[in-house]
Amino acid sequence: MDDYLNQIANIVGSPNLLIRQAEIAPFCLDWRKRYHGHPLAVACPAHTEEIAELVVFCNEKKIPVVPQGGNTGLVGGATPDDSGRELVIAMHRMNRLRQLDSENNSMTVEAGMTLAEAQFHAQGANRLFPLSLASEGSCQIGGNLSTNAGGLCVLRYGTMRDLTLGLEVILPDGRIYNGLSGLRKDTSGYDIKQLFIGAEGSLGVITAATLKLFPRPIETITAMIGFNRAEEVITCLGRLRESFGTYLSTFEMIGKLCLDLVDLHIPSVRRPFVTPWTLLVEFTSENKSPALRDQVEDWLAKQSYVEVVVAQNEKDREDLWHLRESISEAQAKEGISIKHDIGMPSSAIPPFLDEAEKLLHREFPGCRIVVFGHAGDGNLHYNISQTRANNADLFKDEEKVNHIVYDLVYRYGGTLAAEHGIGQLKTEWLSRYKDPVSLSIMKTIKKTLDPNSIMNKNKVLR
């Protein structure tokens, strides 16, 4: 392997090839500390051509490649295995802004740019790049694309699929797919870029993207509303859409236990009221108009709910969002959990929640269910934090819990991976639940583009 390492060092430069244990350690462990690998090395290229040369070499020598962005994924999709043979390609040095076209509302950035940096560049041109995630300070655009990230504003702006105009990708044989484009209309054949969005690096290495920009909102109205029943939350969603259309940008549904944990573990944060269900909504407009705020407040005054708080200034807004953004931290402090990133039609959420709770409590009396998520687009984070007393042997119950949850999700027309991807956590479950024809097509595409199976091996598909 020393000869291989020397050849890789010749491509990226010796200082940019990490081989010492202390150097590679941060690249070997996933965000949830569930998967730990041992790579051959970590290469840190700075240019598209370097990555293409790396991939050509790895393909010739049958060295598996693991593309890695900010390493914030939750399903082990960017973690190497423990074989000592895989080369991690870390993208952080590929972080340049290549072009910003404010008149076309687009910008081209490299895949190693963090989401926060992309937002910053857009803001500098008085534009908005609307993807918003809790990890935006460290997650990278390449990872966002590879998982088809959704986040908080899908309701108005869509997922990364909707926000992407073009891609540059290194194919498994080293060819460069140059699909960077600012076009919004192009019917000249297949939309090739869509193959790589959501593929989790299994079909190639995304090196750059042309992204959609939008006018920056000038007016933002944020409200937190309390309800007694999940059905009331989803009914509210339909009424808000009818009344406010695209002004409604965010619709976050939060179960009581989530905020109980925030109260317990994040003492600096306090919720304004206690109800079985809490809704955090946000309305945005590109035009400063007192009329929208008046309309929102008038609408809220006429609705049936338990409690409501409307942010009157930016400090109020930050306080409300701090509650929502503290949930994952509070749950982590509470201990391990079996996590589900599920999606379904929003209308199916109330009956799913009711039936899933009954089934889980029947099998695991007293189990704790932590539910929150982007209910406006049907995406829930449905987590089980306890199945037995003192949380003993939680992961021994994982398969049974997953069967209950996923069977029900698919019965309601849903998916087991709404925005976090498949990685290595859900490959077996994907093979059980994915439509067989869809699965067959996916395998055909993988085999065609990557016949030597070097790209993110045993992720997504096995």
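Here are some notes:
- Residue in region 389-400 that is of a type in the set (Lys, Arg) and in contact with a strand residue (DSSP E or B) (Cβ under 7 Å, 6 or more places away or on another chain) present: no
- Per the listing SER385, SER346, the residue uniquely touching a Lys or Arg at 6+ places or on another chain (Cβ under 7 Å) and of a type in the set (Ser, Thr, Tyr) is SER385.
- The listed residues are ASP101, ASP81, and the only one of them that is more than 17 Å from GLY143 (Cα to Cα), at pLDDT 95 or above and exposed (fewer than 15 other Cβ atoms within 10 Å of the Cβ) turns out to be ASP101.
- Test result for GLU168, closer than 24 Å to THR48 by Cβ, acidic (Asp, Glu), at pLDDT 95 or above and part of a helix (DSSP H, G or I): no
- Of the helices (runs of 4 or more DSSP H) that lie entirely inside region 348-462, those containing 3 or more residues that are basic (Lys, Arg) and either surrounded by fewer than 19 Cβ atoms within 10 Å (Cβ to Cβ) or out of contact with any helix residue (DSSP H, G or I) (no Cβ under 7 Å at 6 or more places or on another chain) (or both) span 436-449.
- Matching residues in region 241-276 - criterion: being in contact with a helix residue (DSSP H, G or I) (Cβ under 8 Å, 6 or more places away or on another chain) and assigned to a helix (DSSP H, G or I): SER243, PHE244, THR246, TYR247, CYS258, LEU259, LEU261, VAL262, LEU264, HIS265
- When region 180-201 is filtered for residues that are among the polar types (S, T, N, Q), surrounded by fewer than 11 Cβ atoms within 10 Å (Cβ to Cβ) and closer than 17 Å to MET107 by Cβ, nothing remains.
- Only a single criterion out of (1) of a type outside the set (Phe, Trp, Tyr); (2) under 22 Å from PRO130 (Cβ atoms); (3) not in a strand (DSSP E or B) is not satisfied by GLU200, namely (2).
- Residue match in region 306-325 (condition: hydrophobic (A, V, I, L, M, F, W, C), at pLDDT below 95 and in a loop (DSSP other than H, G, I, E, B)): yes
- Test: ILE197 is in contact (Cβ under 8 Å) with a residue 12 or more places away in the chain, in the same structural domain as SER132 (by TED's automatic domain parsing) and in contact with a Lys or Arg (Cβ under 9 Å, 6 or more places away or on another chain): yes
The values are calculated or read from the model by the stated rules, or taken from the named source; none is laboratory data. All figures in this text were calculated on a predicted structure; none of them were measured in a lab. Because the Cβ atoms are built from the backbone with ideal geometry, glycine has one as well, and the counts that use them run over all protein chains shown.
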